[in-house]
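Every number in this text was worked out from the coordinates using simple rules, so none of it is lab data. Since the structure is predicted, the reported quantities are computational estimates derived from the model, not experimental observations. Neighbour counts run over all protein chains shown; Cβ positions are idealised from the backbone, glycine included.
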Amino acid sequence: MNFDFHSPLPLALYAHIPWCVRKCPYCDFNSHEKSGALPEDAYVDALIADLEQDLPRVWGRRVTSVFIGGGTPSLFSPEAIDRLLAAVRARLICQPDMEITLEANPGTVEAGRFAEFRAAGVNRLSIGVQSFDDDKLKALGRIHGRDQAIRAAEQAHAAGFKTFNLDLMHGLPGQDLAQAMADLELAMSLKPTHLSWYQLTLEPNTVFAKRPPVLPEDEVLWDIQEAGWAKMAENGYAQYEVSAFAQEGHHCRHNANYWSFGDYLGIGAGAHGKLTDLQYQRAYRTTKKKNPKDYLDPAKPFLAEEVDIAPREMPFEFMLNALRLNAGLPISLYSERSGLPLAGIAPVLSKARDKGLLDADPSLIKPTETGHRFLNDLLELFLPDNLPKSRIIPIAPAR
Ligand SMILES: C[S@@+](CC[C@H](N)C(=O)[O-])C[C@H]1O[C@@H](n2cnc3c(N)ncnc32)[C@H](O)[C@@H]1O
Ligand code: SF4
């Protein structure tokens, strides 16, 4: 593989906190219902040790964003988050204006806590609202109600967060168009700078997969999507990715790095990383021990798996990310970030352009409006013969 040595890849850091108050029936993230007090100190120690073991992999590189995700990171105390961020700053070269996001559940934020997270260095919150409809929240097994969700957004403003995201889901059990729009309208009235708007999917190995709720018909889902996109555009939330909408200048830098095939270190139970080793000309993925007990066991290594990204899978991996972005990416980034010559995908790019799925501008890899609407068909063109179609999951939330 020939990597471009002149283009240092941006580097992000993801830290996973794997506990929640209760496991939601739709959720397949690595999250575990907490029982009793959380081993907060031991876990932060483990995150720091995990980071230290990964340092030689990223020596000298600059970190552009940190994302503390879960699970429910807002279950951890501001002191624990402060200790983690101080350790990150002491060990990595951090961009001065680095974006630092923390995921928060409205059911876990008593007054004053957001301000303390901010004092610890967090400068962006991502609040898991999902819906403002109490019946829907109950059906989703959420631990919070409408009022707590509203209060969480108000507290984010009061604590001085200049940028924060609300996570909403649509296509909920029994949801109609009016209910989905009411959720969006209320969300926008709370003036977040960013909205993540996911269509509920039934994921394998979840309670919903075993006992599926009745979801809206496809036509209703289509109407919700079209109306939602229009409503957010009218209100100044520009769609820049399949499920991400932001006011001017407020896109999530951390997620944009995933979608532009940048590198990221993943620390914490079950965390994924993707790294490019320029010296040995390889790109690989890492996964840390998934079970929190194993992860915390000092006798066991943090790393569970490390696999090279095969060059033949690289074009699909790149497109799986890049094509999520409405504005697409400069075509030069393909070779810079995959290490592969553009000539290898030139025939598929022309085919996609001929079908009207990719923009005709030769300097970009950018889906057309049709390509955006039929993203699965577009992605399929880049799928190597032996990979199953199940690899195409464009609406899944970023991890
Ligand atoms: C990793 S979760 C973390 C957020 C936080 N734990 C919470 O739920 O409040 C990130 C987001 O993914 C979305 N999500 C999780 N499972 C989903 C599913 N099955 N379908 C669609 N969106 C999902 C939810 O909007 C959730 O807020
Ligand atoms: S959706 Fe969020 S709160 Fe619910 S189980 Fe998953 S990570 Fe935990």
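Quick notes
- Most mobile listed residue (L265, L342, L51) in the chain, GNM with C-alpha springs under 10 Å: L342
- Label point distance in nm, S363-A178, each placed 7 Å from Cα along Cα→Cβ: 4.9
- Lone cysteines, the chain (no partner Cβ under 4.7 Å): C20, C94, C252
- Among Q239, Q95, Q247, residue whose mean-square fluctuation peaks in a GNM of the chain (springs only between Cα atoms under 10 Å): Q95
- Simple spin-label estimate for C27 and E234 in nanometres, 7 Å along Cα-Cβ: 3.3
- Region 325-384 - Debye-derived log10 I(q)/I(0), Cα point model, q = 0.15, 0.22, 0.27, 0.30 Å⁻¹: -0.40, -0.88, -1.28, -1.44
- Alpha carbon centroid spacing (whole Å) that separates region 187-262 from region 279-300: 30
- A simple packing score, the average count of other Cβ atoms within 10 Å per residue, orders the peptides 347-355, 367-375 as 367-375, 347-355, with the highest score first.
- Debye equation applied to the C-alpha atoms of the chain, log10 I(q)/I(0) at 0.07, 0.13, 0.14 Å⁻¹: -0.32, -1.20, -1.40
- Sorting the segments 327-336, 304-313 by their mean number of nearby beta carbons within 10 angstrom, highest to lowest, gives 327-336, 304-313.
- Peptide ranges 225-231, 170-176 listed from the most packed, as the mean C-beta count within 10 angstrom indicates: 170-176, 225-231
- In this rough spin-label picture, where each label sits 7 Å from Cα along the Cβ direction, the E380-A227 distance is 2.9 nm.
- Among F208, F132, F318, the residue with the largest mean-square fluctuation in a Gaussian network model of the chain, with springs joining Cα atoms closer than 10 Å, is F208.
- Compared with the direct C-alpha span, the chain from Y284 to A86 gains 68.5 nm at full extension, assuming 0.36 nm per residue.
- Cross-link pairs beyond the 31 Å C-alpha cut-off, checked among K34/K138; K23/K288; K136/K300; K138/K231; K34/K274: K136/K300
- Among beta bridges that DSSP assigns inside the chain, antiparallel share in %, nearest 5: 40
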